[in-house]
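What follows is one structure encoded as structure tokens, with my remarks underneath.
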Amino acid sequence: MAPIGAGLVVVCLIGVVAAAARVTLGGGSDGDRTGAESPRPPASTRPVPTRQAPGRPSAPPPGAGPWQPDVGKGFFTPTVLTSRGAYRASRYWTRSCVRDAKPKLAALVRRTPCSGALLGALYRSPDGRVYVQMTAMRFATPGDAARISQAISGDVAPRLHVPYRNEPAHWWSASHAGHHVLIRQSFIPRAREPGPRGGPAQTYGDTLIRRFQAILTGLYAARPRQG
């Protein structure tokens, strides 16, 4: 028969172990609990809605897609300074991409829809001899913009917005940056021919679209700061 003191020691030890087990299972962080009821997250981890300061655009988070600047009516400024001098705008317009396109471009845009409206402006060259129509179009993806730009540089162009009954012969070309396509169409007012490839209609038009291309590329590169 064991002594009574030894039995009390064993009973006390069992009680201490059981109490310790209850402390281990009941203590610790919420994340260590394995009960059937899921604990509520601490108040400090709950999402808090934030508001962007007015007038300050936010850059998309990483992986959200390429930066898309707002190319609106203000993109075509009244005066554009270039290496050849200052071009000055005389007309502006906002039109439907499909309705204001020639048949080939209209068919192309129906297959690859543009986003928003077609923006345009008519500029006079520094010497006043040449008119250059600039057009901006936006597409859903940079790939769409690249394909449309290549097609326009081939044999597809939008309609000229000129105050003449018949559209004058002209040179045209296109370029793209991100989701946007730029189109230039340059001509000599009331002339039946646009002149040679190295003539003023071509060279003045090429200079202006290169300048706007640089501006557009700069807008894509200038992401707004976050926060």
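Name the residues in the stretch 176-201 that are touching a residue at least 12 places away in the same chain (Cβ under 8 Å) and either in a loop (DSSP other than H, G, I, E, B) or surrounded by fewer than 20 Cβ atoms within 10 Å (Cβ to Cβ) (or both), would you? Correct list: 178, 179, 188, 189, 190, 191, 192, 193, 194, 197, 200.
Being polar (S, T, N, Q), open to solvent by 30 Å² or more (accessible area, probe 1.4 Å) and more than 25 Å from residue 79 (Cβ to Cβ) is the filter here; which residues of the stretch 93-127 pass it? Steps first, please.
So the first thing to find is which residues in the stretch 93-127 are polar (S, T, N, Q), and the list is 94, 96, 112, 115, 125.
Applying the additional criterion that residues be open to solvent by 30 Å² or more (accessible area, probe 1.4 Å) yields 94, 96, 115.
If the condition is that a residue be polar (S, T, N, Q), open to solvent by 30 Å² or more (accessible area, probe 1.4 Å) and more than 25 Å from residue 79 (Cβ to Cβ), then 96, 115 are the ones that fit.
When residue 136 is tested against (1) among the aliphatic types (A, V, I, L, M); (2) surrounded by fewer than 16 Cβ atoms within 10 Å (Cβ to Cβ); (3) closer than 18 Å to residue 71 by Cβ, only condition (2) is not met.
Number of residues in the stretch 85-104 that are in contact with a Leu (Cβ under 8 Å, 6 or more places away or on another chain), over 15 Å from residue 161 (Cβ atoms) and at pLDDT below 90 equals 0. Looking across the stretch 62-77, the residues that are within 16 Å of residue 91 (Cβ to Cβ) and either at pLDDT below 85 or surrounded by fewer than 10 Cβ atoms within 10 Å (Cβ to Cβ) (or both) come down to 73, 74.
I need the full set of residues from the stretch 156-171 which are part of a strand (DSSP E or B) and closer than 20 Å to residue 94 by Cβ, in order please. Selection gives 158 alone.
Quick grid of which residues meet (1) closer than 18 Å to residue 186 by Cβ; (2) touching a strand residue (DSSP E or B) at 6+ places or on another chain (Cβ under 9 Å):
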{"residue": "83", "(1), (2)": "yes, no"}
{"residue": "88", "(1), (2)": "yes, yes"}
{"residue": "96", "(1), (2)": "no, yes"}
{"residue": "103", "(1), (2)": "no, no"}
{"residue": "113", "(1), (2)": "no, yes"}
{"residue": "116", "(1), (2)": "no, yes"}
{"residue": "126", "(1), (2)": "yes, yes"}
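For first residues located in the stretch 115-140 and free of Cβ contacts under 8 Å to residues at least 60 places away in the same chain, partners that are of a type in the set (Asp, Glu) and surrounded by fewer than 21 Cβ atoms within 10 Å (Cβ to Cβ) and lie 6+ apart or on another chain with Cβ distances below 8 Å form the pairs 118/100.
The values are calculated or read from the model by the stated rules, or taken from the named source; none is laboratory data. Here the structure is a predicted model, which is why all the values come from computation and not from measurement. Here Cβ is always computed from backbone atoms with ideal geometry, including for glycine, and neighbour counts include all displayed protein chains. The area values use the complete protein model at the heavy-atom level, side chains included, leaving out ligands, DNA and RNA. Shrake-Rupley method; radii C 1.70, N 1.55, O 1.52, S 1.80 Å.
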